[in-house]
Amino acid sequence: ALAKAAGLEVNARGGIVVNDQLRTSDPFVWAVGDAVEVANPILGGRWMVAMAGPANRQGRMAADNICGRPRAYKGTYGTSVLRCFGLTAACTGVGEKALRAAGRPYHAVHIHPRSHAG
């Protein structure tokens, strides 16, 4: 709501539209993190990914761009790991549901190694 009220271009979900240098539709405003849509390097197009690692990287890259050191953000793959009650679950990339909806072929791999997350 704040970005839209400020006149920035937002997507249908309210995510701030940025270019590969994380610059918004206002040439004097950059945005990073959970609030922005970024490139989806797997399916193409754009998506919003709420993860601390990519947000941190985007912040550093935006700072470089602001200071005149051009850097391009190529997108987010979306890797996550969860540890709960001694069990670990992890995923990377796009889930089966999204791949199926996009008509993309895929293979799911389920492994049960020892856990080392945490």
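The values are calculated or read from the model by the stated rules, or taken from the named source; none is laboratory data. No experiment lies behind these values; they were computed from the predicted model shown. Positions of Cβ are generated from backbone atoms using ideal geometry, with glycine treated the same way; all protein chains shown enter the neighbour counts. Calculation scope for accessible area: heavy atoms of the full protein, side chains included, ligands and nucleic acids excluded. Shrake-Rupley method; radii C 1.70, N 1.55, O 1.52, S 1.80 Å.
Below is a table of values for the structure above.
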item: Å² of accessible area per residue within the chain, as computed with a 1.4 Å probe and no ligands counted; result: 70 Å²
item: Accessible surface, 1.4 Å probe, highest first, among residues 84, 67; result: 67, 84
item: For residue 22, residues with placed amide H under 5 Å, excluding near neighbours; result: 73
item: Around residue 89: net Lys/Arg minus Asp/Glu count, Cβ-Cβ under 15 Å; result: +1
item: Helix 52-66 vs. the chain, principal-axis angle (Cα, 0 to 90°, nearest 10); result: 30 degrees
item: Percent carbon-and-sulfur accessible area, the chain, ignoring ligands, DNA and RNA, probe 1.4 Å; result: 58 percent
item: Cut-off 14 Å between beta-carbons: net charge of the residues surrounding residue 70, Lys and Arg +1, Asp and Glu -1; result: +3
item: List 43, 2, 8, 22, ordered by accessible area with a 1.4 Å probe, largest first; result: 2, 43, 8, 22
item: Most to least accessible of 64, 26, 34 (protein chains only, probe 1.4 Å); result: 34, 26, 64
item: Mean separation of Cα contacts under 8 Å, 6 or more apart, over the residue count of segment 1-87: relative contact order %; result: 24 percent
item: Given charges at Cβ of Lys, Arg, Asp, Glu: the chain dipole, positive-most of 56, 92, 11; result: 92
